[in-house]
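Worksheet for the structure shown next.
Quick note: the coordinates plus some simple rules give every number you see, no bench work behind them. Note that the structure is a prediction, hence the values are computed from the model and not measured. Neighbour counts run over all protein chains shown; Cβ positions are idealised from the backbone, glycine included.
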Amino acid sequence: MPGAGPAGPRPGADHGRAAGTADDGGTPRHLRPDAIRRPKGMGGGLAGRARGAGGRLTTRRWPRPARTRRTVGTVGTVGTIGTVGRVGRVGGLGQDDAVPPPAPSVPAAAAPAPAPADRTVAEVRRLVVAWFGEHRRDLPWRAADRTPWGVLVSEVMLQQTPVARVEPAWTAWMDRWPTPADLAAAPTDAVLRAWDRLGYPRRALRLQECARALVERHGGRVPGTPEELLALPGVGAYTAGAVLAFAFGRRSVVLDTNVRRVVARALGGQALPAPALTASEARAAEALLPDDDAGAAAWAAASMELGALVCTARAPRCGDCPVEHLCAWRTAGRPADAHAHRRRVQSWTGSDRQVRGRVMALLREAPGAVPEDVVAGVWPDGAQLRRCLAALVADGLVVGRPGPGDDDPPAYALPS
Ligand code: SF4
């Protein structure tokens with residue numbers, strides 16, 4: 001019997017923490033905001049000089065019956081993948097959910113739903129997969145001629161970025177860098193410019209690091225085992241599981257927020273899954289998985305698509321759902337989100353993410369290094385801007401350069 005696949009996160013991130021909020025712990029002392037002198041006349045403006053030796057700028061649920069119990073994260077014939085703790089794609093956000101959603105309006109709090117019967121589970125899987133056969137989107141990374149590299153790129157891009165924005169970016173990216181070797185050889189500033197406004201640009205850096213590792217360790221090919229995938233830079237449990245399922249048709253648990261929501265509602269009777277993936281939820285998801293590779297891969301893709309298109313976070317279209325008559329949440333009267341009090345709602349406006357985005361946009365569009373007084377113009381709060389700039393430097397997304405003369409201000413640019 002094939003083993004279980006990776007218990008996945010995501011946003012995810014397996015792919016690491018959400019970008020844009022990097023702390024300064026990894027920032028060289030002289031680059032920390034409080035160590036960067038403000039230039040005269042800039043008030044709360046941007047960093048002053050930050051030069052090092054030599055005058056160079058040195059900036060820098062529900063439990064399943066025991067019948068098919070498996071250990072979370074243990075992959076029978078495939079190996080071991082991941083740990084529980086991350087949710088869906090990077091940062092707990094799925095491909096069609098950029099922000100933790102409010103619970104749909106509902107009557108009352110929920111009591112735990114009883115375990116669904118095996119025949120109900122099997123019927124839900126059958127109906128969802130059949131629905132997928134008729135309603136699936138023709139996305140380029142699902143095409144018959146897709147490559148494992150294309151699938152990997154799509155999974156990285158889809159972390160916290162909606163499909164509608166990813167599709168054109170993925171197509172352009174694959175035209176330009178169709179293989180890992182192509183991306184590995186590209187200038188980093190070109191990679192960051194091509195990433196454009198997909199957000200969380202550290203993903204682009206990690207993807208290039210991954211491409212270089214693929215060239216060095218695997219002859220430029222994407223490997224097909226969980227161990228090898230998980231050893232790649234930027235590849236965590238969710239991404240490894242998704243690549244195994246969608247590129248290689250292997251049995252693996254692929255738990256993004258869309259899948260988690262469908263399972264929580266249809267079989268768990270919950271409005272929404274817990275903010276963070278729990279061990280019991282991961283075990284339940286693993287137990288749900290068909291034993292065969294093809295069936296498991298089909299369930300992964302179909303349940304993800306149902307969550308993205310029908311069983312959406314804010315307004316599920318139950319009338320269009322193939323399992324409406326079996327849905328535990330609807331049968332229970334659509335009880336309220338029991339985890340609502342634990343959900344964080346992050347505001348974009350005024351956030352460090354917004355500031356970082358403005359800096360990155362400025363540098364992407366500039367042909368060369370941008371003087372700091374120009375960078376200072378992107379945000380009125382100088383302290384916040386200095387903090388974000390220092391974080392960008394620490395993340396390797398921005399580099400500082402000395403000005404042309406001793407009295408000229410330093411400048412900032414994308415890494416080359
Ligand atoms: S019936 Fe509604 S809530 Fe239940 S799985 Fe379908 S879309 Fe989701």
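What the table shows:
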| read-out | value |
| --- | --- |
| Region 108-341, dipole about Cα centre (Lys/Arg Cβ +1, Asp/Glu Cβ -1), debye to the nearest 20 | 460 |
| Ranked by how many other beta carbons lie within 10 Å on average, peptides 291-299, 229-237 from highest | 229-237, 291-299 |
| Residues Ser347 and Ala143, FRET efficiency given R0 of 45 Å [Cβ-Cβ distance, rounded to 0.05] | 0.75 |
| Environment charge at Arg265 (Cβ cut-off 10 Å; Lys +1, Arg +1, Asp -1, Glu -1) | +4 |
| Dimensions (Å) - region 108-341, Cα atoms, principal axes, largest first | 55, 35, 33 |
| Extension reserve of the Glu216-Arg136 stretch, reckoned as 0.36 nm per residue once the Cα distance is removed | 25.2 nm |
| Euclidean distance between Cα centres, region 349-367 to region 116-161, Å | 33 |
| Net charge of neighbours whose Cβ lies under 14 Å from the Cβ of Asp182, counting Lys and Arg as +1 and Asp and Glu as -1 | +2 |
| Label-point separation in nm, Glu123 to Arg358, each point 7 Å along Cα→Cβ | 5.6 |
| Whole-number percent relative contact order across region 184-230, with pairs defined as alpha carbons under 8 Å at least 6 apart | 32 |
| Amide H contacts under 5 Å for Arg136, placed H, 5+ residues apart | none |
| Computed FRET value (nearest 0.05) for Asp373 with Thr171, which takes r as the C-beta separation and R₀ as 56 Å | 0.90 |
| Mean Cα-pair separation over length for region 108-341, i.e. relative contact order, pairs under 8 Å, 6 or more apart, % | 25 |
| Among 398-409, 300-311, the order from most to least packed when residues are scored by Cβ within 10 Å on average | 300-311, 398-409 |
| C-alpha center-to-center spacing [region 332-346, region 259-291] in angstrom | 15 |
| By average C-beta atoms within 10 angstrom, highest first, the peptides 139-148, 243-252, 204-213 | 243-252, 204-213, 139-148 |
